[in-house]
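As structure tokens, the structure follows; a few thoughts come after it.
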Amino acid sequence: MIRCRKAGQSKALFSMDEEGDSVPQHYFFEEMNEAASVLAECADLFGPGDLLPYAEKEMNERINKLLDMYLLAKTLKDEEWVSELQDRLKQISGFSFYPDRVKIS
């Protein structure tokens, strides 16, 4: 189950680690996974009905945006950003709306 929430309504609980830095005590799955993020945004925008037509379109748009940012990061030779974008692209490109077409990498 994915916990969907409206933007701005989540509140993180923080505790202090040994160095005195605040550390979140919980994360929403959609904050850690690109595909879940797109699905949560669609649920927030379009409600609990049939999300498939919207989610497929949004997923493709997100992939295109990530690819644009990836090209920029490569051009700027920002290896940390490139690595982050590669991870996000792997998460979203391996997602399938159809169980018989699951991509395993």
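Could you list all residues from the stretch 46-71 that are over 16 Å from Gly94 (Cα atoms) and loosely packed, with under 13 Cβ neighbours inside 10 Å?
Quick first cut of the stretch 46-71, residues over 16 Å from Gly94 (Cα atoms) only: 46-54, 65, 68-71.
Gly47, Pro48, Gly49, Asp50, Leu52, Pro53, Lys65, Asp68, Leu71, listed by residue number.
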(request) Determine whether the stretch 25-35 contains at least one residue that is among the hydrophobic types (A, V, I, L, M, F, W, C), crowded, with 18+ Cβ neighbours inside 10 Å and modelled with pLDDT under 85. (result) yes
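Could you list all residues from the stretch 32-80 that are basic (Lys, Arg) and either without any contact (Cβ under 8 Å) to a residue 12 or more places away in the chain or at positive phi (or both)? Lay out the reasoning, then the answer.
Looking only at the stretch 32-80, we keep the residues that are basic (Lys, Arg), and these are 57, 62, 65, 74, 77.
Lys57, Lys65, Lys74, Lys77, listed by residue number.
Among the candidates Gly49, Gly8, single out the residue that is in a loop (DSSP other than H, G, I, E, B) and modelled with pLDDT of 75 or more. Reasoning before the result, please.
Numbers: Gly8 fails: modelled with pLDDT of 75 or more.
Exactly one residue qualifies, and that residue is Gly49.
The values are calculated or read from the model by the stated rules, or taken from the named source; none is laboratory data. None of these values were measured; they are calculated from a predicted model. No Cβ is skipped: glycine too gets one built from the backbone with ideal geometry, and neighbour counts run over all protein chains shown.
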